[in-house]
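**Q** Here it is, the structure in full.
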Amino acid sequence: MLSLSSPDLLASINEHFLSTLRSKVRVIQALNARKALQYLADTNLKSVYVADEGILESKNSEVFSSLIGWVNAGGIAVTGSLFPTLASPLKLDRFFKKWGLPWKMGDYHRTTFLLNRSNRQLSSHSANLMTSYSMKAVHLKGVKAEDVLYAPTEDSRVESHVFGPSKVNLSHVPVAYTRIGDGFLGYIGDVNAEEESTPVILTMLRL
């Protein structure tokens, strides 16, 4: 787990996910670049969860480059938790461009999303995921249909106590998962650490 910026905040709002994760696998948490580079060189490393926006800082550029190389060589990385919450639109867009992806920051709102069981990378791993659930998320645009894991439907409406139930942009999605070289990269834009998001993250991490 890469927590290069806000580890205390991460622990305070992601208790359900972190406790479930630690019940399934040994978790090592990198709080600085030196440790991150050390862990990325560990041949026993199974997957990496990028839990905050620290990897976007210039001082952690070597970690970012190493992560890209590790994933291309067959690793699995997923971004979530504080990453979409605290990353600026410009930095988020640059992050995905470094991976060779056209993904960019999209809308930000809550609605109910439907599972795409035909995601080409996770179709055989998604049996235990919720068919649909509501979350407030930082969406992505520019995601190919086969890389979408959850998406809004024609019936989806903005769920808000402030704004009316307006239609949502169907091309903006909260969860995506794609192949990068011999490995995989996932994204979940959930900003409120919904309990239903825990199995989604674990599935993308192949845990």
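**Q** Pick out which of GLY75, GLY54, GLY142 has the largest mean-square fluctuation in a Gaussian network model of the chain, springs linking Cα atoms closer than 10 Å.
**A** Sorting by GNM fluctuation, first place goes to GLY142.
**Q** Determine the percent antiparallel among the DSSP beta bridges restricted to the chain, to the nearest 5.
**A** Numbers: 22 of 31 bridges.
Bridges in the chain that DSSP calls antiparallel: roughly 70 percent.
**Q** Between SER160 and LYS35, what length comes free when the chain is fully extended (0.36 nm per residue of separation minus the Cα-Cα distance, one decimal in nm)?
**A** Details: separation 125, 0.36 × 125 = 45.00 nm, distance 4.11 nm.
That works out to 40.9 nm of additional length.
**Q** Cα atoms only, the chain: Rg and Dmax in Å?
**A** 16.0, 51
**Q** Provide, for the chain, the number of lysine pairs with alpha carbons under 18 Å apart, each pair being eight or more places apart or on different chains.
**A** Lysine pairs satisfying the spacing and distance rule in the chain number 16.
**Q** Taking 35 Å as R0, compute the FRET efficiency from the Cβ-Cβ separation of LYS136 and LYS98 and round it to 0.05.
**A** On the way: r = 27 Å, r/R0 = 0.76.
So, using R0 = 35 Å, E works out to roughly 0.85.
**Q** Another question, if that's okay. Multiply the residue separation of THR20 and ALA145 by 0.36 nm, subtract the distance between their alpha-carbon atoms, and state the gained length in nm to one decimal.
**A** On the way: separation 125, 0.36 × 125 = 45.00 nm, distance 2.97 nm.
Contour length minus Cα-Cα distance gives 42.0 nm.
**Q** Also: Test of understanding: given the chain, find the longest segment containing no trypsin sites (Lys or Arg not before Pro) that are in a DSSP loop and have at most 14 other Cβ atoms within 10 Å.
**A** Details: sites that count: ARG26, LYS46, ARG117, ARG120, LYS144, ARG206.
That would be 47-116.
Readers should treat all values here as calculations from the given coordinates under stated rules, not as data from a laboratory. No experiment lies behind these values; they were computed from the predicted model shown. Please note: Cβ atoms are built from the backbone with ideal geometry, for glycine as well, and neighbour counts cover all protein chains shown.
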